[in-house]
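Engineer: The structure under discussion is supplied below as structure tokens; questions concerning it will follow.
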Amino acid sequence: MLQVENTLFTIVMISYFVAMIAYFIYVASKKDIVSKVAFGIQVFGFVLHTVAIVCRGIGAGRLPLTNQYEFATSFAWGLCLLSLVFIIRFRFYVMGAFISPVVFLMIGYAAMQSREVRELMPALRSNWLGFHVSTAIIAYGAFGVSFVVGIIFLLRDRLKAHGFLDQHIPDKEKLDLIEYRSVAPGILFLTFTIITGAIWAERAWGSYWSWDPKETWSLVTWIIYATYLHLRIRRGYKGKSAAVFAVIGFICVLFTYVGVNTLLPGVHSYK
């Protein structure tokens, strides 16, 4: 099964790359049929990606969510899933040209990690593993969508003179709504991530919170997005400043995952 997973992973990488190129061609050619092809290739890659993760789990005999490679490929899966949801929901195919490079970079990061299947350390042998990591994957995927929509929002005025993009990119009010609707489930699932992580930590190490670097940066990320929601709901915080918040928040997400693992080793370094 692990050999099958390796083969599927390679096909998935190629599929995401081809989808990215197809989305770029769509924007350049201005032909709607190309957007359907690009979307179809992305869906194809996502389905194979799902099968690959399942094969990894069967081959490893556990949930495939316990090391850098497994979480990175699952991170890319979550990004792809949430982007497909929002593309379908808002018929926003141009978003694919912005989100597909992010998905491809994350799957590329996964490809650089060791795929060796190792025995789980005692702290990871818990039923809380699935709850904790799966909620993080959905949260990060949602935040990835908000990041991309924030970027599009900030570039919207520069694209205004371009008839095709002006027609296919929603107005700023709708972009702001999409951004909000991606941040809201993101912070909900990040909250679940932190809560389940705290419960798991207490059972594994006898403490709900130890100010481990990843715990600390997860809290920082949560505070950024919670501030975004508070300002929006209570004070009508919208527009450019909100888009900047969404971009900064996802940068913190990336640092929480990649930066902390690289620069600030702690009890979560096995991820």
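The values are calculated or read from the model by the stated rules, or taken from the named source; none is laboratory data. All values reported here derive from a predicted model rather than from experimental measurement. Heads up, the Cβs are rebuilt from the backbone with ideal geometry, glycines too, and the neighbour counts pull from every protein chain shown.
Engineer: Looking at the structure I just gave you, is GLY78 assigned to a helix (DSSP H, G or I) and surrounded by fewer than 17 Cβ atoms within 10 Å (Cβ to Cβ)? Quick ask: steps written out before the conclusion?
Structural biologist: Details: assigned to a helix (DSSP H, G or I): yes; surrounded by fewer than 17 Cβ atoms within 10 Å (Cβ to Cβ): no.
Judged against the criteria, GLY78 is not a match.
Engineer: If you scan region 199-210, which residues turn out to be small (Gly, Ala, Ser) and more than 17 Å from THR66 (Cα to Cα)? Before the answer, list the steps.
Structural biologist: Our first condition is that a residue be small (Gly, Ala, Ser); within region 199-210, this holds for 201, 204, 206-207, 210.
If the condition is that a residue be small (Gly, Ala, Ser) and more than 17 Å from THR66 (Cα to Cα), then GLY206, SER207, SER210 are the ones that fit.
Engineer: Determine, yes or no, whether VAL145 is assigned by TED's automatic domain parsing to the domain that holds PHE17, within 20 Å of LEU254 (Cα to Cα) and in contact with a Ser or Thr (Cβ under 8 Å, 6 or more places away or on another chain). Walk me through how you get there before you give the answer.
Structural biologist: Details: assigned by TED's automatic domain parsing to the domain that holds PHE17: no; within 20 Å of LEU254 (Cα to Cα): yes; in contact with a Ser or Thr (Cβ under 8 Å, 6 or more places away or on another chain): yes.
Criteria not met by VAL145.
This table checks each residue for (1) touching a residue at least 60 places away in the same chain (Cβ under 8 Å); (2) in contact with a Leu (Cβ under 9 Å, 6 or more places away or on another chain).
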residue: ILE88; (1), (2): no, no
residue: ARG125; (1), (2): no, no
residue: TRP128; (1), (2): yes, no
residue: ILE137; (1), (2): yes, yes
residue: GLY141; (1), (2): yes, yes
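Engineer: Which of the residues that make up region 32-47 are buried (at least 18 other Cβ atoms within 10 Å of the Cβ) and among the hydrophobic types (A, V, I, L, M, F, W, C)?
Structural biologist: Answer for region 32-47, where residues must be buried (at least 18 other Cβ atoms within 10 Å of the Cβ) and among the hydrophobic types (A, V, I, L, M, F, W, C): VAL34, ALA38, PHE39, ILE41, PHE46.
Engineer: Kindly list the number of the only condition in (1) closer than 29 Å to ASN261 by Cα; (2) crowded, with 16+ Cβ neighbours inside 10 Å that fails for THR7.
Structural biologist: Single failed check for THR7: (2).
Engineer: Out of the residues in region 256-271 that are hydrophobic (A, V, I, L, M, F, W, C) and surrounded by fewer than 18 Cβ atoms within 10 Å (Cβ to Cβ), which is modelled with the lowest pLDDT? Show your work before the answer.
Structural biologist: Looking only at region 256-271, we keep the residues that are hydrophobic (A, V, I, L, M, F, W, C), and these are 258, 260, 263-264, 267.
Narrowing further to those that are surrounded by fewer than 18 Cβ atoms within 10 Å (Cβ to Cβ): 258, 263-264, 267.
Working: VAL258: 81, LEU263: 67, LEU264: 61, VAL267: 55.
Among those residues, the one meeting the criterion is VAL267.
Engineer: Could we say that ARG91 is within 25 Å of GLY150 (Cβ to Cβ) and either in contact with an Asp or Glu (Cβ under 6 Å, 6 or more places away or on another chain) or of a type in the set (Lys, Arg) (or both) here? Break it down stepwise before answering.
Structural biologist: Values: within 25 Å of GLY150 (Cβ to Cβ): yes; either in contact with an Asp or Glu (Cβ under 6 Å, 6 or more places away or on another chain) or of a type in the set (Lys, Arg) (or both): yes.
Here the answer is yes, as ARG91 does meet what is asked.
Engineer: Among the candidates VAL54, VAL37, VAL18, which residue alone is over 18 Å from ILE99 (Cβ atoms) and in a helix (DSSP H, G or I)?
Structural biologist: Step by step, each of VAL54, VAL37, VAL18 is checked, and only VAL54 is over 18 Å from ILE99 (Cβ atoms) and in a helix (DSSP H, G or I).
Engineer: If you don't mind, there's one more thing I want to ask. Look through ARG234, ARG181 and report the one residue that is among the basic types (Lys, Arg), under 15 Å from ALA142 (Cα atoms) and surrounded by fewer than 18 Cβ atoms within 10 Å (Cβ to Cβ). Break it down into steps so the answer makes sense when it comes.
Structural biologist: Numbers: ARG234 fails: under 15 Å from ALA142 (Cα atoms).
Selected residue: ARG181, the only one of ARG234, ARG181 that is among the basic types (Lys, Arg), under 15 Å from ALA142 (Cα atoms) and surrounded by fewer than 18 Cβ atoms within 10 Å (Cβ to Cβ).
Engineer: Go through region 157-236 and tell me which helices (runs of 4 or more DSSP H), entirely inside it, have 3 or more residues that are modelled with pLDDT of 85 or more and not assigned by TED's automatic domain parsing to the domain that holds LYS31. First the steps, then the outcome.
Structural biologist: Details: elements: 163-168, 172-205, 213-235.
The qualifying helices (runs of 4 or more DSSP H) are 172-205, 213-235.
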